[in-house]
Structures are given as C-alpha cells and as structure tokens.
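The structure appears right after this line, and notes come after that.
The values are calculated or read from the model by the stated rules, or taken from the named source; none is laboratory data. Here the structure is a predicted model, which means the values were calculated and not measured. Quick reminder, even Gly has a Cβ in these numbers, built from the backbone with ideal geometry, and neighbours come from all protein chains shown.
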Amino acid sequence: MTRDDLPGDLLFEATPHHDMRAPAKSSGHGRWDAWRHLLPAVVLASVVLLGPLAVTVVASVTEGAGPANYLDVLIDEEIWRALSHNALWLMLAPVVCALGLGLAWLARDAGRGTRVLLLTVLGLPAVTSPLTAGVAFRLIFDPDPHRGMVNALLADRVLFTGPGWIWLVLGTVFVWQWTGLAFLVFHVGLAKMPADLLRVGRVFGAGRLRRLRMVVIPALFPTAALVMLIMLTAAVRVFDLILVGAPGSVQPEVDVVGLFWWRHRDDLGDGRASALAVLLTVLAAAVALLVLWRLRRDWPEAGLRRRRASPPAARRTRWPLRAMTAAVTVLWAFPFAVLVLTSFRAPDAVAVSGWWTGGYGLSSYAEALDGGSFAGALVATAQRGLLVASVVLLMAVPAAYALTHERLSSRTRRIVTGVAVVLAVLPPQVLAVPLGKVLGVSLGSVVVLGFVHAALVLPLGVLLLRNAFMSVPRPVVRRPLTEGRSAMVQMMAESVPAVVAVGVLTFILVWNDLVVGLLLNWPAADQAPLLLLQQARYFATSAGGLAAQGVMMTAVPALLLFTTGKWLVRGLTQGVHR
C-alpha cells in the first residue's frame, strides 16, 4: 500500500501535530515560582507522611532485633499468610478492570437511557462505605437460613461459613464496589476513541475480540492507568471490608497485613511492627510504580488534536443487550434493596428472620438515632470532610500547576510525580505510631486529624489535577499572562470539572474512612464509621440498627453523586471543559 492509497482520515491521524497543551514557561513564572507553588504541599507531605515514614523505617532496623526484624517477620507463618492474602486482593484489580471494560464494550450501542441507568447503578457502590457494603452482603450471605436469603434458598447452614466461601463473598463485595468506576472510564474512553482505529482493524479482517485485544485495550490504557492505580490502592489498603464483612470466627483466615498489624502490633513489639509496616509500604509502592512505569503517556490523552469518534448510528437496542442491562441492574441494586428493606424492620425481628418476612416500620432508625450519638457523629464526620476537601484543594491546585509542562525540568517532574504516586498508596499503618507519639491527645481534634486526612489524600488530588491541567491548550493559558492576569486561575477555570471531582472524592473518602480514625482516634468514636464498627461487633442482635445507620451513611455520598455526577464523569475522564 502506498501513501496515496491511504485514507485521508488515517493520514490525518498519523500526521504529527503541534502540541497545544499548556502551559509553556513564561517570563516571571520560572522554576522558583514553581517551587513556591509546590511548597505548601511539600511541607504537609513532609511533616505528616515522609517524616513518620522515615521514623518507622529507622525503628524497623534499630528497635528489637534490629535488621533481623525483617527476617523474623518474613519467616512468621501468620504474617506470610497475610502477605499472600494481600496478593490475592491485588489480583482482583485486573478482574474489576476486565469486567468494567467488558460491560462498556457491550453497552456501546445501548441507548442513552440504558447508559444512564448503568452508570447510575454501577456508580453508586463506588461511593458506598466498605463498612456499609460489608453489612449488606453479610445480610445476604448470613449462615443462618432464617436470616440469610442465600442459605434460606439452599436450606443449608454449612454454606458461606468457611474461609473458602468467605473469600468468595468478600471478593464479590470488592468487585461490586469498584466495577462501576472501571465501567465509567472505559465507557467514556470508548466514546472518545477515533473511529479510524476500529475502522482500520475491520479493514484488515480483525474480529471483534481481536480488535478489543489489539486496538481498544492499548488505546485505552493511558486513560485507565490512574483508575487502575486507585483500584490497586484499594486492594492494598483493604481493611474495614474484612473487619465487618467476615464473621469473627473466620477473620484470622482472611487477614491481610494491615489488619494483622492492627490486631498484633503490641505482640510484635516496636521493631517487628515497624518492619511489617515497611513491608506493606514496599508492597504498595511496588504496585504503584509498576503502573507508573507502564504509563507511556500522560493521563488522560492530553489534548492531542485528534478526530473524535463518530457518534454511533442510531440503532434499535437488541434484546441480548436489554437482558444484560436488566441483569446487571438487578445484581448491582439488590444489595442496596436488602439494606434498605432490613433497615425498615424492627431490630428484634431482624435478629430472628430475614427481610422477606415483612413487619416493616421505623423502629430501627429510632434505635440508630437514640441518644443522639450517631447524629452527632454524622455532623462531626461532615465537618471533617469539608475541612479536608478545602485543605486538599487549596494545596493541590498550586502543586498541580507547578508540575505542568516546562515549569520544572522534565527530570524534576518525573521525580516529584513518582513520589506523589508512592505517597498516594501509602498505608496509614506506617504512620500511626510516630504520629501518635508526637501528636498525642491532640489527634482527637477535628483540625489535627483533618490535616492527617488531607496529607493522605493530597497526592492523589495532585495527580488528578495535574493530568487535567496538562490538557488545557497553551494559548488559553498564555492569554492571561499577556494581560497580566494569573495563568493558574485561568487553568483552574478551564479545569472546573477536575477541581469539583477532587473536592467531592476527597469528601467521600473522608466520610467513609474507618482506618485513619481507628488507628489514630480510637476510642474517641466521634466519627460515624467508628460507631458502625462498634455496632458490627454484635451483628446478630444489632443488624437492624446497622442497616439503618448504613442507609444514612450512604445517603450523603449518593446525594453528592447524583448532584455532581456530570462533573465527576468529566473530571475523572477529561478534566477540562473542552
């Protein structure tokens, strides 16, 4: 085939174009200016993250048996089993991505109503607390056939009680929670994919599956890499899902390193506990850096001029697609239905019978709100979430602006970005002991604990905003510079969807967080997740109140999702208005 034989559209795609991304280095905005913008984020990360991390690393080789602490940890059978369990959780991240991609690929030709339904039903679990998800699935798989629907249908008390079955249940919860995020990113990525890519594949005789493997997946990888990082982070940090979703009798059989560390820190001693925390950090960092190494291009595909995919021709939705949509909708909505129906039953009725037996009322909500402690915890949790979201945005916006093109050297940008990726997956266990010793009782205050939360979320916020800022065309940013106005303000205005997404996601992460509060603020219990955990210890008798509290906990992020859904979609997949 000669150049003259190539289609014009393919020539356009193959021709290099001028990079219109922003911002180029301008007078008065050099490297010192960039470091000035980075300074607040660097100070917070150094004080709250890097400093305690260094203290833990030093303690791991000086306390107890010294460097031999690592050998003692690695030859411990229980710790090794927990490490292997972490590896199993990491394997679920690609499964979630594959399922999300498969659903997005099948739903390409669905009508607008079908797509909105799928996005809503699949997206809601992603903003649901792992505690609430664990309660819902534990209600479904309760081993007592009088309470658990699955065992009631199978009439067998033996099912879903051993470690093998509990792994199936917990893995199902994880997939249920995170598939929606993968579906969202892949759905938007497929819609933005140039039509020429798939057209060329069809011309050369590639079948549907081969086009998916050889064309679609490589083209979508830059878009999905950061989402994969989020899922891997969730897999490394899995904690509260096991704590609530697994009955106490089988929890030791499904322990992960973070949970084992929390249970046995005093038994391990300072040296071995520090070594175990460092190993967990190394595991998380290795996974994150692997994703970063595979990321050949900036995420998302940063503003390169390419022809948009042609909108799919209107076609009648086929019945297999309708059946798939109906099945997915029922499967993903069912845990919420069980949770809500259980919450409207009397606590004593929930303790002896399942949701399908009737007897609905509001007594479980009355019990959940009795005394005002849970209502007060909801207010305190909301205050902390708003504080953390404000701090993260105030620091992440200038830091992300400093990391855009040519503001710092390429080597400096790579180093800072790599550090941000590692810090984004940093497990709180590696920070807990040093922070507790230095801050003491002051950790119980909203402000101090809020800044700890902010430091843990800040790296991810910087990465998200940096990718959005790099998609802003350079002329758009140069214009205010020539007029003496702030380029950062202009860039932020162009990236409002990403700014909103970071703020909302930060609030939701703090709202649903159990680990930080449990490690640093227990037993103050002024946060709603901590109260849910206390109730979950008596699951058989408190399931009604737990369900009611779970519904109230889910209502806030669900409201945020429905009111800011369009911004979140654009912020996670494009980041900018354009």
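In the range 528-577, the residue that is surrounded by the fewest Cβ atoms within 10 Å (Cβ to Cβ) out of those that are hydroxyl-bearing (Ser, Thr, Tyr) and assigned to a helix (DSSP H, G or I) is THR563. Quick one: count up the residues across the range 522-561 that are closer than 30 Å to ALA493 by Cβ and in contact (Cβ under 8 Å) with a residue 24 or more places away in the chain. Adding up the residues that qualify gives 5. Among the residues of the range 57-70, those that are within 20 Å of ARG263 (Cα to Cα) and assigned to a helix (DSSP H, G or I) comprise ALA59, SER60, ASN69, TYR70.
Within the range 389-429, can you find the residues that are part of a loop (DSSP other than H, G, I, E, B) and among the small types (Gly, Ala, Ser)? Once the filter is applied, which keeps residues that are part of a loop (DSSP other than H, G, I, E, B) and among the small types (Gly, Ala, Ser), the range 389-429 yields only SER409. Output yes when any residue across the range 325-334 is within 28 Å of PRO143 (Cα to Cα), at pLDDT below 95 and in a loop (DSSP other than H, G, I, E, B), and no when none is. So far as the range 325-334 goes, no, none of its residues is within 28 Å of PRO143 (Cα to Cα), at pLDDT below 95 and in a loop (DSSP other than H, G, I, E, B). In the range 271-287, the residues that are surrounded by 21 or more Cβ atoms within 10 Å (Cβ to Cβ) reach residues that are basic (Lys, Arg) and in a helix (DSSP H, G or I) with C-beta atoms within less than 7 angstrom, at least six apart or across chains, in these pairs: ALA273/ARG265. Within the range 335-357, if we keep just the residues that are aliphatic (A, V, I, L, M) and in a helix (DSSP H, G or I), the residue that is farthest from ARG537 (Cα to Cα) turns out to be ALA337. Being under 28 Å from PRO40 (Cα atoms) and β-branched (Val, Ile, Thr) is a description that does not apply to VAL352.
Considering only residues in the range 215-249 that are buried (at least 17 other Cβ atoms within 10 Å of the Cβ) and under 15 Å from PHE137 (Cβ atoms), the one that is farthest from the chain's Cα centre (by Cα) turns out to be ALA246. Name the single residue that is nearest to the chain's Cα centre (by Cα) among those in the range 436-458 being over 18 Å from GLN383 (Cβ atoms) and surrounded by fewer than 24 Cβ atoms within 10 Å (Cβ to Cβ). Looking at the filtered set, the residue picked out is GLY436.
Residue-by-condition table, conditions (1) more than 24 Å from ALA54 (Cβ to Cβ); (2) out of contact with any strand residue (DSSP E or B) (no Cβ under 8 Å at 6 or more places or on another chain); (3) without any contact (Cβ under 8 Å) to a residue 60 or more places away in the chain:
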site: VAL392; (1), (2), (3): no, yes, no
site: MET395; (1), (2), (3): no, yes, no
site: SER409; (1), (2), (3): yes, yes, no
site: ARG413; (1), (2), (3): no, yes, yes
site: VAL421; (1), (2), (3): no, yes, no
site: ALA424; (1), (2), (3): no, yes, no
site: GLN429; (1), (2), (3): no, yes, no
site: SER442; (1), (2), (3): no, yes, yes
